[in-house]
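What follows is a set of notes on a single structure, which appears directly below.
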Amino acid sequence: MPSWRHPARVVVFGFGMATLAGTLLLALPVATESGEATGLVSALFTAVSAICVTGLVVVDTPTYWSTFGELVVLGLIQVGGFGIMTLASLLTLLVSRRIGLRMQLTAQAETKTLGLGDVRTVIRGVILVSLGIEAVIATALTIRFATGYGEPFGRAIYLGVFHAVSAFNNAGFALYTDSLIGFATDPWICVPIMFAVIAGGLGFPVLFEVLRRRRRRRWSLHTKITVPVYFGLLFVGTVAVLLFEWGNTLGKLDVHHKLLVGFFHGVMPRTAGFNSLDVGQLQPSTLFISDILMFIGGGSAGTAGGIKVTTFALLGYVIYAEIRGEPTVHVMGRRLTDQVQRQALSIALLGVGAVVAGTVVLLSITSFALDDVLFEVTSAFGTVGLSTGITAQLPVTGQIVLMVLMFLGRLGPITLATALALRERARRYEYPEERPIVG
């Protein structure tokens, strides 16, 4: 297969083309409320943030973009969630009723399926599950906007659909200037949003398995790892917010409202970008815990970003085995191959390198504090979208850094590195073994 046809490169190219198309559409005068053309950087940043389902913005979404511009953003979010190659594969199936080997390989790279025979099922499932969950959430939100806030029915539908798609795809774009702060104590808005974020963040393979195999003992190793670790981290995030913010940003709320807001902000670093508290007012300890959760992210092959909870968990098992002096790593009755261990380590270290590099660059070109810069960089890499409010104030160079991090975080360090490599080569020989001093 020619190097330019490598599935990983095609995925990167597809996301790049979608970003370009979105940028051109958002740059049109019709895309803004003022009727004036948007600058290249602002249009590009918004397109990258939407296609990478992040949610960071340099302009206020509801007041700056027209309905046309908002629909472009919504379309980019949906395309980013589905995956460029998933959509391309679906179109091929609809037109020709058959799918070629190269297209299957390409779709496999995007959907992370384990076998070529699973690709058709996964592609159909991605579409059906995504649209099904979005429809349910949109209906719930529409009813609430119409009955609880007096929105005209057409406007309520628009608000419901937009926020449902944004939530399920873990994008975090909202049609309110203060995100969801105005609905912080409304469970009829917050709970459906949280449900959508969790469903999208668990990943499609987990959703498929849970829906098909209700007995836990029949789950695959991936699902057995993802579910408890995902919800464990969600619990940690919730407790951290309640603990550190109880007398701060949560101080004026009733106890049951504190619990709701705490749970909401425990879910969002999974990696959505909605907020019902002013992130800029959070305690440094809360921001740091959120940094860790955003960096880990959600489940693989879903709409969440980060290094993924499976990567985090597998590294924990590797460390545990090393501490015990075991020659191999075992997880729940299964042995991990060396390839999986190297992949997990590579993803984690590349992620750390990206966040450190981005943080150093922003610190060197701005006067913002480390807490704010690290939070913003981690949010971009984890495709979260939570912000302390400094994104729009960054210089163009800083915004470009965030765009690179969002693109890298959406595609994954390994996928991007593979796509940029000239070719893959198999080692035909090995050097003599020698052990350096470690530690």
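Some notes on this structure:
- Test: A156 is modelled with pLDDT of 55 or more, part of a helix (DSSP H, G or I), surrounded by 13 or more Cβ atoms within 10 Å (Cβ to Cβ) and touching a Pro at 6+ places or on another chain (Cβ under 9 Å): no
- Residue, surrounded by the fewest Cβ atoms within 10 Å (Cβ to Cβ), within segment 15-67, restricted to residues that are touching an Asp or Glu at 6+ places or on another chain (Cβ under 8 Å) and under 20 Å from L402 (Cα atoms): T61
- Residue pairs meeting the criteria (Cβ under 9 Å; at least 6 apart or on separate chains; first modelled with pLDDT under 60, in segment 1-18; second open to solvent by 60 Å² or more (accessible area, probe 1.4 Å)): M1/R102; S3/L422; S3/R423; S3/E424; W4/F13; R5/R102; H6/R423; H6/E424
- Pairs, first in contact (Cβ under 8 Å) with a residue 60 or more places away in the chain and assigned to a helix (DSSP H, G or I) in segment 216-243, second open to solvent by less than 60 Å² (accessible area, probe 1.4 Å) and of a type in the set (S, T, Y), C-beta under 6 Å, six or more apart: I225/T310; T226/T310
- Checking I365 against (1) open to solvent by less than 10 Å² (accessible area, probe 1.4 Å); (2) among the β-branched types (V, I, T); (3) at pLDDT 95 or above, the condition it does not meet: (1)
- Sole residue being over 16 Å from S276 (Cβ atoms) and either in contact (Cβ under 8 Å) with a residue 40 or more places away in the chain or surrounded by fewer than 22 Cβ atoms within 10 Å (Cβ to Cβ) (or both), chosen from F183, F195, F173, F168: F168
- Residue check, G203 open to solvent by less than 20 Å² (accessible area, probe 1.4 Å) and at pLDDT below 90: yes
- Residue identified as surrounded by 22 or more Cβ atoms within 10 Å (Cβ to Cβ), of a type in the set (G, A, S) and either in contact with a Phe, Trp or Tyr (Cβ under 7 Å, 6 or more places away or on another chain) or modelled with pLDDT under 95 (or both) among A348, A321, A301: A301
The values are calculated or read from the model by the stated rules, or taken from the named source; none is laboratory data. As the structure is a prediction and not an experimental result, all values here were calculated from the model. Every residue, glycine among them, receives a Cβ derived from its backbone with ideal geometry; neighbour counts consider all protein chains shown. Heavy atoms of the whole protein, side chains included, go into the accessibility calculation; ligands, DNA and RNA do not. Shrake-Rupley method; radii C 1.70, N 1.55, O 1.52, S 1.80 Å.
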